[in-house]
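Step one of this worksheet: look at the structure below.
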Amino acid sequence: MTPIKKVIIKKDVSIKPIWLMRQAGRYLPEFREIRKENPDFIKLCLNQKKAKEITLQPIKRYDFDAAIIFSDILMVPYGLGQSVKFRKNFGPQLGSLNFENIMNYEANDFKRKLYPVYKSISLVKKSKLMDKKDLIGFIGGPWTILLYILNRTSPKRKLKKALSDKPLIIDLLKYINKYLKLHIQNQIKYGADIIQIFDSWAGLVNEKNLEDYIYNPTRKLVKEIKNLKTPSVCFPRNINNYKDYTDIIKPSVINIDYQTNPKNIIKHINIPIQGGMDPRVLLTNKKRLEKITNYYLRTFENHPYIFNLGHGVLPQTDPIMIEYLVKLVRKFNERAS
Ligand code: 1CP
């Protein structure tokens, strides 16, 4: 059994495996090299050989316990026929999509468009580097995906009014869920060992809409992942109440953000926990990194825990700091064994 599966399935507290959100990407010089020659980001995600290479780059460098497939949560809008472009210093820009497109979209067209992602998953799985490691497939949370589809740009920039029509949102979430389910099924079929749900904008939903926009649609997807005998990890970034979320949605693992107090969370949550440390700690110095890393490891010493961050690795991170982080986590594991 892989170290991560030991934590999730056996609730093993004696090992603290490590992987990092956004480990495959922007901070790595070898990624930047490839990216320079591939200005179209979506095309790069659909290039099986390159996607495999990028997925394995952080595994080669750091020997993490899991790889995350090089793709993007916005591949789902792309699979639904919406154009998706990433502009430098702007972020994603999506084309228009009429609602009928979502409601009547052919499942086969969706699968055909995203087939290269599934093929990359099977290629990565075949690599020798993946012995005793898990491959993480992922989707965006239904709410986060709908937000990008309707808002057509990052909510960091502006938030459009379209997002206030509750009956319409509930209806559209149902249709989006159909394709998210397909995307989950296919990733697992082609070799994903675990599915992580990134609900990056869950924190924008107010209390009275949580049930309809977050809990209800996400619960269905987590159930689907469970039916496929695969562990699920949920990351509902910036929500206020992780306890309610885990009680209602029941994922296998919950990834906490860096605003969450780790000492507090273990008092309320029984399931395995992942993540938490602020990615900005990696921008400071080794001494501080050591202090905070050990604080998380000690806090979760007696709780099933997968070391990760409270958000993705920042582009300006020095790869040497990540090397040091992995060393610290491995050292802690040796001490505990
Ligand atoms: O310009 C570049 O070089 C592209 C940067 C980049 C990369 C490397 C983007 C654009 N996406 C990715 C890969 C990616 N994105 C992965 C796989 C690799 C890995 O994790 O190592 C994953 C899991 C994601 C997930 C993702 N994409 C999320 C959820 C996590 C989070 O950060 O909250 C979101 C919101 C996206 C959308 C997206 N894709 C890319 C950007 C710049 C954004 C964010 C846009 C925004 O700020 O709204």
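The values are calculated or read from the model by the stated rules, or taken from the named source; none is laboratory data. Computed from a prediction, not measured in an experiment: that's the story for all the values here. So basically every Cβ, Gly included, is an ideal-geometry build from the backbone, and we count neighbours across all protein chains shown. Accessible surface areas use protein heavy atoms only, side chains included; no ligands, DNA or RNA. Shrake-Rupley method; radii C 1.70, N 1.55, O 1.52, S 1.80 Å.
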Legend entry - Crossing angle, helix 48-62 versus the chain [Cα axis fit, 0-90 degrees, rounded to tens]: 20 degrees
Inset, instruction - Per residue of region 113-123, in order, report the coupling 6.51 cos²θ - 1.76 cosθ + 1.60 (Karplus, θ = phi - 60°) as ³J(HN,Hα) in whole Hz, putting x for Gly and Pro. - result: 5, 9, 3, x, 5, 5, 4, 4, 4, 5, 5
Inset, instruction - Multiply the residue gap between Ile170 and Lys60 by 0.36 nm, knock off their C-alpha separation, and tell me the result in nm, one decimal place. - result: 35.3 nm
Inset, instruction - Find the all-direction average of the projected area of the Cα convex hull for the chain, expressing the result in square nanometres with one decimal place. - result: 15.7 nm²
Legend entry - Mean accessible surface per residue for the chain, computed with a 1.4 Å probe while every protein chain stays in place, in Å²: 46 Å²
Legend entry - the chain: angle of helix 319-336 to the longest principal axis, Cα-based, in degrees nearest 10: 60 degrees
Legend entry - Net charge contributed by nearby residues that have their C-beta within less than 15 Å of Ile320 (K/R +1, D/E -1): +1
Inset, instruction - Take the chain, connect every pair of alpha-carbon atoms lying under 10 Å apart with a spring to form a Gaussian network, then pick out the residue of Pro315, Pro167, Pro17 with the largest mean-square fluctuation. - result: Pro167
Legend entry - Cβ-based net charge around Val281, under 13 Å, with every Lys or Arg adding one and every Asp or Glu removing one: +2
Legend entry - Angle between the chain longest axis and helix 142-151 axis [Cα atoms, degrees, rounded to 10]: 50 degrees
Legend entry - FRET E, pair Glu106, Arg280, Förster distance 35 Å, beta-carbon r, rounded to 0.05: 0.20
Legend entry - Local net charge near Ile265, Cβ-Cβ under 11 Å (Lys/Arg +1, Asp/Glu -1): +2
Inset, instruction - Would you mind telling me which residue in Gly91, Gly25, Gly137 has the biggest mean-square fluctuation in a Gaussian network model of the chain, where springs connect alpha carbons within a distance under 10 angstrom? - result: Gly91
Inset, instruction - Mind listing the long-range amide H neighbours of Met277? Cut-off is under 5 Å, sequence gap 5 or more, other chains count too, H placed in the peptide plane at 1.01 Å from N. - result: Asn308, Gly310
Legend entry - Set Lys111/Lys160; Lys36/Lys60; Lys52/Lys174; Lys49/Lys327; Lys250/Lys331; Lys10/Lys331 screened for pairs whose C-alpha atoms are more than 26 Å apart: Lys111/Lys160; Lys52/Lys174; Lys49/Lys327; Lys250/Lys331
Inset, instruction - Sort out for me the Cα centre separation of region 213-266 from region 1-41, rounded to whole Å. - result: 20 Å
Legend entry - Gaussian network model of the chain, springs between alpha carbon atoms under 10 Å - residue of Tyr295, Tyr115, Tyr148 with greatest fluctuation: Tyr295
Legend entry - Under-5 Å amide H pairs with Ser252, H placed in peptide plane, nonlocal only: Ser232
Legend entry - Estimated 222 nm signal from helices in the chain, with DSSP H stretches of n ≥ 4 weighted -39500 (n - 2.57), rounded to 500: -14500 deg cm²/dmol
Legend entry - the chain - percent of accessible surface contributed by carbon and sulfur, probe 1.4 Å: 49 percent
